[in-house]
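The values are calculated or read from the model by the stated rules, or taken from the named source; none is laboratory data. As the structure is a computational prediction, the values presented were derived from the model and not from experiment. Reconstructed Cβ throughout: ideal geometry from the backbone, glycine too, with neighbour counts over all protein chains shown. For the accessible areas, the whole protein counts, side chains as well, though only heavy atoms, and no ligand, DNA or RNA atoms are used. Shrake-Rupley method; radii C 1.70, N 1.55, O 1.52, S 1.80 Å.
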Amino acid sequence: MESNRRKLLKALGATGLGLSGLVKAAEAIAASPKEADPQPSRPFPGEFYWGTATAAFQVEGAVNEDGRGKSIWDIFSHTPGKIKNNWNADVAVDMYHRYREDVGLMKALGTNAYRFSISWPRIFPEGKGSPNQKGIDFYKRLVDTLLENGIQPFATLYHWDLPQALQAREKGWQSRSIAEHFAAYAGYVASQLGDRVKHFFTLNEMFTFVEWGHGTGLLAPGLKLSRKDLNQVRHHVVLAHGLAMQAIKAAAPGVKAGPAENMVNAVPAIATPEHIKAAQEATRQLNAGYLTVMLEGQYTNEFLEKEGKDAPRFTEAEMKAIGTPVDFAGINVYMPNHYVMASDAKPGYELLPFTKVHPKMASSWHYVGPEALYWGPRHMKEIWGVKEIYITENGCGAADEQDKEGRICDTDRVMFLRNYLLNMQQAIEEGIPVKGYFHWSLMDNFEWVSGYATRFGLYYVDYKTLQRIPKLSADFYREVIKAGRVL
Ligand code: PNW
């Protein structure tokens, strides 16, 4: 709103001053009716991608249809004891059949972008060889439906569902050959969809699927590798990213591509220059095997020294490929991974433990810290000079219980969202180039090892009927998009 002070000054200028003029002007302002707010405080940019996100294995179901091959997640989820209640994703939320309805849900939110993932085993049932036309046709139908509804498709090429054939026959990410197969698959998809999909993400959350799938064994394929072997997996994964970047650009020159990584986000405990510097250095070191090597094109000395004889084996040509320039970076931001203080001792920073009562959302790992959505993008810009940033995921699991009227009044998720979005707005206002935000998730879905117990959706899914019901947070998100500011 034009401030009263400004109005007064304007009036003063117009009347040619004088105390009586001033008094008259003041009276006129006091008498004027309140106008609508033409310029909201803390606005988001008018041009911005507001979206939601999902991943193929978590929503599609239809695991045996149209020639789809098996993925490591089919095997893992059907192994007793791996998933809560031994649930599986054979049906999930059946998006494979209901995608038209679901695009309608996105439209109802007023979103203009959607991030989804392509299932590698739908396109190459054996991981390589000849493509499955019916698989690619599904994504063409999906993308065309999105575009007809004014929603820009953002496609992730790998959201953890490696073709089982590659795991069984070639030891999955333990083999360098997988990086080559991934690039071939990425190039093929870009050649087929590049006329209508203008943004591709290579791999989703390398950190999570490598460390938890190959280190602790909590996620598929459930391996607990030695430090040396784990480092080699990390190396093959970043190599896959680099080779895929090149393959995508070669197949579809007009499209943009980059990673979608859950950066380890070190947040300064107090935002003074010394702690900020410490948090930046911590972020650089803690992402050494992923974002840092991808964006700098080499492993840090600290990383190589720390890993010693277990460090990855690599060639110069591989390092060049890993460092292929990205068009943008996607970051999944759920929380501050560490609060950091500067330290006089090496390495110059100290990671503070979370206290016993630090607030959490529904997932056991999910500490709340809205400032993560400020520092994540700021780090990307200040540490690595990234010029185009997408928040590829942000959201939370919440209680999500239906009340007597069947409503889901998830004020907890609204609280979460409001505070995180305010921090993102601050980053944008300070000139950090965040170009889009994708809420995880459009609707409740198969939450990996938590199965259907933890819900992340803006839409509630009744798993008996597969009906989708908007939660309060869906209304909140829609109003925020409409108003262009946090409400
Ligand atoms: C992401 N953490 O996983 C995945 O990309 C999604 O598929 C998933 O459904 C979503 O976030 C919610 O879990 C994460 O421990 C898993 O910090 C773990 C963490 C973060 C994200």
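Per-structure values
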read-out	value
Cβ pairs under 7 Å, 6+ apart, first in the stretch 327-345 and open to solvent by 10 Å² or more (accessible area, probe 1.4 Å), second within 11 Å of the ligand (Cβ to nearest atom)	TYR334/HIS366; TYR334/ASN394; MET335/HIS366; MET335/TYR367; MET335/ALA372; ASN337/VAL264; ASN337/ASN265
Qualifying position, being within 15 Å of the ligand (Cβ to nearest atom), in the same structural domain as TYR185 (by TED's automatic domain parsing) and open to solvent by less than 10 Å² (accessible area, probe 1.4 Å), among MET245, MET206	MET206
Number of positions in the stretch 446-468 that are of a type outside the set (Ser, Thr, Tyr) and over 20 Å from THR411 (Cα atoms)	8
Boolean, ALA168 is crowded, with 19+ Cβ neighbours inside 10 Å, among the small types (Gly, Ala, Ser) and either touching a Leu at 6+ places or on another chain (Cβ under 9 Å) or over 29 Å from VAL480 (Cα atoms) (or both)	no
Enumerated strands (runs of 3 or more DSSP E) restricted to the stretch 387-487, each holding at least 1 residues that are in contact with a helix residue (DSSP H, G or I) (Cβ under 8 Å, 6 or more places away or on another chain) and within 16 Å of the ligand (Cβ to nearest atom)	389-394, 434-440, 459-462
Residue within the stretch 153-163 that is open to solvent by 20 Å² or more (accessible area, probe 1.4 Å) and either in the same structural domain as GLU447 (by TED's automatic domain parsing) or within 21 Å of PRO325 (Cα to Cα) (or both) present	no
Residue identified as more than 16 Å from the ligand (Cβ to nearest atom), without any contact (Cβ under 8 Å) to a residue 12 or more places away in the chain and open to solvent by 10 Å² or more (accessible area, probe 1.4 Å) among SER177, SER191	SER177
The one condition in (1) within 16 Å of the ligand (Cβ to nearest atom); (2) out of contact with any strand residue (DSSP E or B) (no Cβ under 6 Å at 6 or more places or on another chain); (3) farther than 28 Å from GLU101 by Cβ that TRP160 fails to fulfil	(3)
Within the stretch 101-132, tally of residues that are touching a Ser or Thr at 6+ places or on another chain (Cβ under 7 Å) and assigned to a strand (DSSP E or B)	4
Failed criterion for ALA186 (all others in (1) under 30 Å from ASP229 (Cβ atoms); (2) surrounded by fewer than 24 Cβ atoms within 10 Å (Cβ to Cβ); (3) of a type in the set (A, V, I, L, M) hold)	(2)
Conditions (1) under 20 Å from ALA244 (Cα atoms); (2) under 23 Å from the mean Cα position of the chain (by Cα); number of the one not met by ALA317	(2)
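Here's the yes/no breakdown for (1) in a loop (DSSP other than H, G, I, E, B); (2) away from the ligand (no atom under 16 Å from the Cβ):
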| residue | (1), (2) |
| --- | --- |
| TYR299 | yes, yes |
| PRO336 | yes, no |
| PRO347 | yes, yes |
| TRP365 | yes, no |
| LYS381 | no, yes |
